[in-house]
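Q: This is the structure I have questions about; it appears just below.
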Amino acid sequence: MKSLIKKASSFGSKGKAKAKAAASSKEKQLENSPAATEETEESRSEVNTSATATPPRLPSLRPLQLGSYNFDVADTTPYIYPSLYDEASTMIDLSNLIYTLAELRELARNGVLSDPAKSLRILDLPLPMETAMTVIKGEAELLREVLGDGAHGSTLSALESLMMKEQLAKNKKEAEDGNNNSSVSKNGEDKGLSSWFNTWDGCLGGGFSFDELLDNMCGDVMNAKTAEEPTSPHNQHRDVSSSMIYHVGDLKANEELVYAIGVNPAEERITVIFRGSVTKADFMTDANINLMQAPDPYSVAEDSESDENDSTIGIHRGFYDYLFAEKNGKPSKYVEIMTHVEKLVMDDVNRRENYKLYVTGHSLGGALATLFGFYAAARVGTLPLPVTVVSVASPKVGNIAFARMFAEMESQGKIRHLRIANHRDPVTLAPSVSSKKVLAVTAFAFSPLGYLALKASGNAGDERDVFYHTGIKMKLRKEVPIGGQICELSYSGASLIAGSTPESLEVDDQEVIQESNKMSKRSTNDLPMVQYHYGSAYAERIALVENELKEKKLNDLYLEKAVWKK
């Protein structure tokens with residue numbers, strides 16, 4: 001564990017110093033390059049073209065260092081991955097769960113509970129998942145009252161998503177049993193959590209029953225059903241009674257990111273879950289779209305004795321600072337979380353040998369999960385690779401250098417990334433460019449001479465100031481489009497690996513942004529596209545493609561979509 005902490009700590013002063021030095025070196029190279037010094041008619045005429053046209057030429061990027069990881073070959077220690085549906089649905093539910101969990105724990109700390117004698121258990125750690133769900137059930141009316149004030153859209157939606165799961169599972173069970181009263185006992189009392197799930201307005205669909213939620217939550221809310229898989233000594237048992245939430249980082253929820261760490265023995269997974277935007281600090285983090293030059297994961301490794309290969313990558317400053325900033329002499333959240341994760345692994349021989357690390361989150365949580373998984377996968381660690389990231393409704397995290405290195409790590413078998421995005425969810429399309437690029441575009445619109453001044457000073461932005469997504473993209477639609485599919489699967493790194501620059505936005509995505517901009521003056525509650533971003537919308541749409549995705553696996557998509565495999 002000391003080696004991990006040592007490496008993670010290097011993201012502090014050492015990491016910043018390396019990033020600054022590497023960035024300075026690159027700037028000098030740019031200044032002396034032909035692309036930066038040539039004064040041609042083409043460059044002078046840029047003020048007569050769109051500010052969003054093809055970016056200025058850049059010095060040649062280093063060749064990609066692609067691996068040849070075969071996702072079709074089992075690890076040395078066999079690990080049976082769930083189906084694509086189970087993996088996606090599980091992480092969507094976890095990403096929603098943390099909203100409600102953090103809210104209820106805050107109420108408990110403030111002494112605002114309907115039944116303190118029973119509900120204060122929500123603050124105990126480790127926390128059995130069954131206990132957590134029992135407390136949620138007991139405090140249902142209070143949660144309704146608190147979350148119904150119009151200021152807790154994401155948390156309320158997260159609660160609804162659990163209800164959606166329960167409702168659809170109940171309907172399926174009743175249809176199978178032919179008993180419309182199967183969820184109610186003979187004396188008229190409702191059984192379990194169904195009582196408050198089913199009376200909640202807005203239930204749109206779901207996936208699993210309350211019993212399944214209890215069985216499967218805590219490292220990964222719901223276990224994959226893998227009866228069709230061959231018998232294996234690993235992650236095939238059903239010992240769910242010990243599923244636990246071991247850590248919840250929410251004591252300063254109004255100032256810092258919120259996370260939870262759970263262990264699921266049934267699926268042999270440790271899962272880190274990040275909460276999405278709720279507080280002012282969260283939203284300020286989202287808004288800080290400046291691209292900072294951060295150290296790449298390998299340049300700060302404790303086994304890197306040379307600075308020759310030091311490099312930097314552009315990462316959304318708000319996300320990076322939220323995860324890596326050291327405040328008041330305390331370790332960063334990255335160090336804090338990784339310390340917990342490694343201790344959980346080292347405390348148990350079976351975890352060391354057989355467990356996998358999953359990272360997930362919704363919205364801001366999805367961006368933090370992507371960033372956390374990216375750096376965790378590059379460590380000299382104790383968990384078997386690859387690290388799996390399942391981001392839900394995530395904004396973009398970094399620039400083309402980030403996207404290229406992410407693709408390299410995927411090809412080397414260090415990381416898997418399933419990025420789930422609802423069609424017409426505006427959050428997943430942003431940010432497009434850094435604040436530097438935004439300034440340049442604004443200057444061009446109002447003053448061509450001002451734009452020339454920014455360009456001459458090197459502050460007009462270029463391809464390095466454009467954000468890109470990573471991973472296997474799962475685009476979910478509400479209904480089947482004409483000539484299209486309700487679920488579209490693609491690989492974000494395909495064009496990068498092929499040697500071309502990817503499109504930052506697809507054509508239909510550009511239309512969504514334009515529509516969103518036209519409606520930006522309206523109330524948030526009146527914006528229909530905001531509803532596509534909520535967790536309940538993701539739970540609804542993933543349920544629509546259950547049959548289609550049950551026969552697929554994420555590894556199969558890498559085999560099919562990744563260019564380096566062809």
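Q: Give the residue, chosen from Leu344, Leu357, Leu371, that is among the hydrophobic types (A, V, I, L, M, F, W, C), outside any loop (DSSP other than H, G, I, E, B) and either open to solvent by 40 Å² or more (accessible area, probe 1.4 Å) or under 18 Å from Glu87 (Cβ atoms) (or both). First the steps, then the outcome.
A: Details: Leu344 fails: either open to solvent by 40 Å² or more (accessible area, probe 1.4 Å) or under 18 Å from Glu87 (Cβ atoms) (or both); Leu371 fails: either open to solvent by 40 Å² or more (accessible area, probe 1.4 Å) or under 18 Å from Glu87 (Cβ atoms) (or both).
Answer to the check: Leu357.
Q: Of all residues being without any contact (Cβ under 8 Å) to a residue 40 or more places away in the chain and not hydrophobic (A, V, I, L, M, F, W, C) in the range 270-287, which is nearest to Gly249 (Cα to Cα)? Just the residue, please.
A: Thr279
Q: Here's something else I'd like to know. In the range 137-159, what residues are buried (at least 21 other Cβ atoms within 10 Å of the Cβ) and either of a type in the set (Asp, Glu) or not in a helix (DSSP H, G or I) (or both)?
A: Across the range 137-159, the qualifying residue is only Glu139.
Q: Looking for something open to solvent by 20 Å² or more (accessible area, probe 1.4 Å), modelled with pLDDT of 90 or more and not in a loop (DSSP other than H, G, I, E, B) - is there at least one such residue anywhere in the range 87-102?
A: Narrowing the range 87-102 to residues open to solvent by 20 Å² or more (accessible area, probe 1.4 Å): none.
For the range 87-102, residues open to solvent by 20 Å² or more (accessible area, probe 1.4 Å), modelled with pLDDT of 90 or more and not in a loop (DSSP other than H, G, I, E, B): absent.
Q: Let me ask something additional. Conditions: (1) modelled with pLDDT of 65 or more; (2) of a type outside the set (Phe, Trp, Tyr); (3) in contact with a strand residue (DSSP E or B) (Cβ under 9 Å, 6 or more places away or on another chain). Val563 meets all but one. Number of the miss?
A: Every condition holds for Val563 apart from (1).
Q: A further question on this structure: Does the range 293-327 hold any residues that are at pLDDT 85 or above, more than 23 Å from Glu410 (Cβ to Cβ) and either touching a helix residue (DSSP H, G or I) at 6+ places or on another chain (Cβ under 7 Å) or not in a helix (DSSP H, G or I) (or both), and which are they?
A: Matches in the range 293-327: Gly318, Tyr322, Ala325, Glu326, Lys327.
Q: Give the residues of the range 472-487 that are open to solvent by 40 Å² or more (accessible area, probe 1.4 Å) and either in contact with a helix residue (DSSP H, G or I) (Cβ under 7 Å, 6 or more places away or on another chain) or under 13 Å from Leu544 (Cα atoms) (or both), sorted by residue number.
A: If the condition is that a residue be open to solvent by 40 Å² or more (accessible area, probe 1.4 Å) and either in contact with a helix residue (DSSP H, G or I) (Cβ under 7 Å, 6 or more places away or on another chain) or under 13 Å from Leu544 (Cα atoms) (or both), then Lys478, Glu479, Val480, Gln485 are the ones that fit.
Q: Which members of the range 324-339 meet the condition of being touching a residue at least 24 places away in the same chain (Cβ under 8 Å) and either open to solvent by less than 50 Å² (accessible area, probe 1.4 Å) or at positive phi (or both)?
A: Answer for the range 324-339, where residues must be touching a residue at least 24 places away in the same chain (Cβ under 8 Å) and either open to solvent by less than 50 Å² (accessible area, probe 1.4 Å) or at positive phi (or both): Phe324, Ser332, Lys333, Tyr334, Val335, Ile337, Met338, Thr339.
Q: Now a separate question. Tell me, please, whether a residue that is part of a loop (DSSP other than H, G, I, E, B), hydroxyl-bearing (Ser, Thr, Tyr), loosely packed, with under 15 Cβ neighbours inside 10 Å and at pLDDT 70 or above can be found in the range 521-534.
A: Within the range 521-534, none of the residues are part of a loop (DSSP other than H, G, I, E, B), hydroxyl-bearing (Ser, Thr, Tyr), loosely packed, with under 15 Cβ neighbours inside 10 Å and at pLDDT 70 or above.
Q: Asn354 versus (1) under 17 Å from Pro295 (Cβ atoms); (2) touching a residue at least 60 places away in the same chain (Cβ under 8 Å); (3) of a type outside the set (A, V, I, L, M): which is the lone unmet condition?
A: Of everything listed in (1) under 17 Å from Pro295 (Cβ atoms); (2) touching a residue at least 60 places away in the same chain (Cβ under 8 Å); (3) of a type outside the set (A, V, I, L, M), Asn354 misses just condition (1).
Q: Six or more apart or on different chains, Cβ atoms under 8 Å: show the pairs whose first residue is in the range 545-564 and among the aromatic types (Phe, Trp, Tyr) and whose second is open to solvent by less than 50 Å² (accessible area, probe 1.4 Å).
A: Tyr558/Phe71; Tyr558/Glu410; Tyr558/Arg416; Tyr558/Ile472; Tyr558/Tyr491; Trp564/Gly67; Trp564/Ser411; Trp564/Ile497
Q: Just to confirm my filter: which helices (runs of 4 or more DSSP H) fall fully inside the range 383-492 and include at least 3 residues that are at pLDDT below 95 and farther than 18 Å from Gly314 by Cα?
A: In the range 383-492, the matching helices (runs of 4 or more DSSP H) lie at 435-446, 448-456.
The values are calculated or read from the model by the stated rules, or taken from the named source; none is laboratory data. In this text, all values refer to a predicted model and were calculated from it rather than measured experimentally. Using ideal geometry, Cβ is built from the backbone for each residue, glycine included, and neighbour counts are taken over all protein chains shown. Note: areas computed on protein heavy atoms with side chains; ligands, DNA, RNA excluded. Shrake-Rupley method; radii C 1.70, N 1.55, O 1.52, S 1.80 Å.
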